[in-house]
Amino acid sequence: MTARRASPSMFLVLGGLANQVLLPAALLLRGGMPHDVPSDRLQEYCSEHSEELVVKVEEAKQDLTEIRAKFESLNAKAMDCGCCCEEYNDIQVELVYARKDVEYYEGRVETLEKQVDILAALCT
């Protein structure tokens with residue numbers, strides 16, 4: 001039996017680069033907390049990163065709104081073009097990239113919102 005490697009998204013990093021403490025997100029969601037994490041380090045982390053995380057969520061939501069608008073614009077352009085205009089292939093390629101961008105930012109917003117929930121659970 002091989003050991004399963006943890007993905008980076010499964011951990012929350014506390015502290016600076018020199019002295020990091022990795023906490024499994026699943027443990028935090030269950031309400032568990034290792035006893036060897038100093039509370040002053042935890043509060044420092046909470047105050048530094050809670051506001052930063054909220055800003056990242058808002059920025060990602062704004063980016064998602066802009067990218068969805070671009071995707072809708074490209075869809076309209078594709079409808080106007082039909083099957084035979086000169087720009088057909090270029091529009092289709094742009095549509096693929098725009099759709100993938102929408103998917104990426106939807107996932108990013110979801111992941112950041114989960115991080116906000118984890119941080120809230122950790123900091124209470």
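List of remarks:
- Some residue of the range 103-113 being touching a strand residue (DSSP E or B) at 6+ places or on another chain (Cβ under 7 Å), modelled with pLDDT under 95 and either assigned to a helix (DSSP H, G or I) or at positive phi (or both): no
- Subset of the range 65-105 [within 23 Å of H49 (Cβ to Cβ) and either hydrophobic (A, V, I, L, M, F, W, C) or open to solvent by 60 Å² or more (accessible area, probe 1.4 Å) (or both)]: Y104
- Annotation: of all residues in the range 53-70 being hydrophobic (A, V, I, L, M, F, W, C) and in contact with a Leu (Cβ under 7 Å, 6 or more places away or on another chain), the one that is nearest to C123 (Cα to Cα) is L53.
- Consider the range 46-64 and keep the residues that are touching a residue at least 60 places away in the same chain (Cβ under 8 Å) and open to solvent by less than 70 Å² (accessible area, probe 1.4 Å). The one that is nearest to the chain's Cα centre (by Cα) is L53.
The values are calculated or read from the model by the stated rules, or taken from the named source; none is laboratory data. All figures in this text were calculated on a predicted structure; none of them were measured in a lab. Here Cβ is always computed from backbone atoms with ideal geometry, including for glycine, and neighbour counts include all displayed protein chains. Side chains are part of the model used for accessible areas, which takes the heavy atoms of the whole protein and leaves out ligands, DNA and RNA. Shrake-Rupley method; radii C 1.70, N 1.55, O 1.52, S 1.80 Å.
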